[in-house]
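Here's the structure we're looking at; comments come further down.
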């Protein structure tokens, strides 16, 4: 006897909810995760394997994946807390001449100064070099 439609629907809802939680908290694409899940499900159906075992394994795999993400996040929090604050700023040789070479483009209040100069650099590059690159096609 196979899995009932109600059980299948329940498993699908749980898996969808877990994938949406991964997307919300960790940035993984729900669409990609669910598409890969459906491919695996088709393979199980094609091979006539036990769907209930597949669904249980899928839920367990998502739980294990989430635990690993939490552990990795805790480790990175510990690593970042032991690093000195000075390492967060870029080396001087990369930023000391930006203001002389490139215009500063204000993006928003939270953008770093390096990003604002990088945008200015990209605008100059587009203005000065893109047309010559396109003519070489």
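The values are calculated or read from the model by the stated rules, or taken from the named source; none is laboratory data. Not measured: the values here are computed from a predicted model. FYI the Cβ positions are ideal-geometry reconstructions off the backbone, even for glycines, and counts take in every protein chain you see.
Yes/no per residue for (1) part of a helix (DSSP H, G or I); (2) loosely packed, with under 10 Cβ neighbours inside 10 Å; (3) at pLDDT below 90; (4) in contact with a helix residue (DSSP H, G or I) (Cβ under 7 Å, 6 or more places away or on another chain):
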position	(1), (2), (3), (4)
6	yes, yes, no, no
9	yes, no, no, no
28	no, no, yes, yes
44	yes, no, no, yes
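Condition test on residue 64, is it part of a helix (DSSP H, G or I), within 24 Å of residue 2 (Cα to Cα) and modelled with pLDDT of 85 or more? It would help to see each step written out before you state the result.
Values: part of a helix (DSSP H, G or I): yes; within 24 Å of residue 2 (Cα to Cα): no; modelled with pLDDT of 85 or more: yes.
In short, no.
So, residue 13, is that one within 19 Å of residue 67 (Cβ to Cβ) and at pLDDT below 95 or not? Taking the combined requirement at face value, the residue does not satisfy it. With respect to the stated conditions, residue 114 fails to be in a helix (DSSP H, G or I), at pLDDT below 75 and farther than 23 Å from residue 26 by Cα. Residue check: residue 38 meets all listed conditions (1) exposed (fewer than 13 other Cβ atoms within 10 Å of the Cβ); (2) closer than 14 Å to residue 13 by Cα; (3) touching a helix residue (DSSP H, G or I) at 6+ places or on another chain (Cβ under 9 Å) but one, namely (3).
Suppose we filter 137, 74, 48 for residues that are modelled with pLDDT under 85 and under 30 Å from residue 13 (Cα atoms); which single one remains? Can you show your working first?
Details: 137 fails: under 30 Å from residue 13 (Cα atoms); 48 fails: modelled with pLDDT under 85.
Unique residue meeting the criteria: 74.
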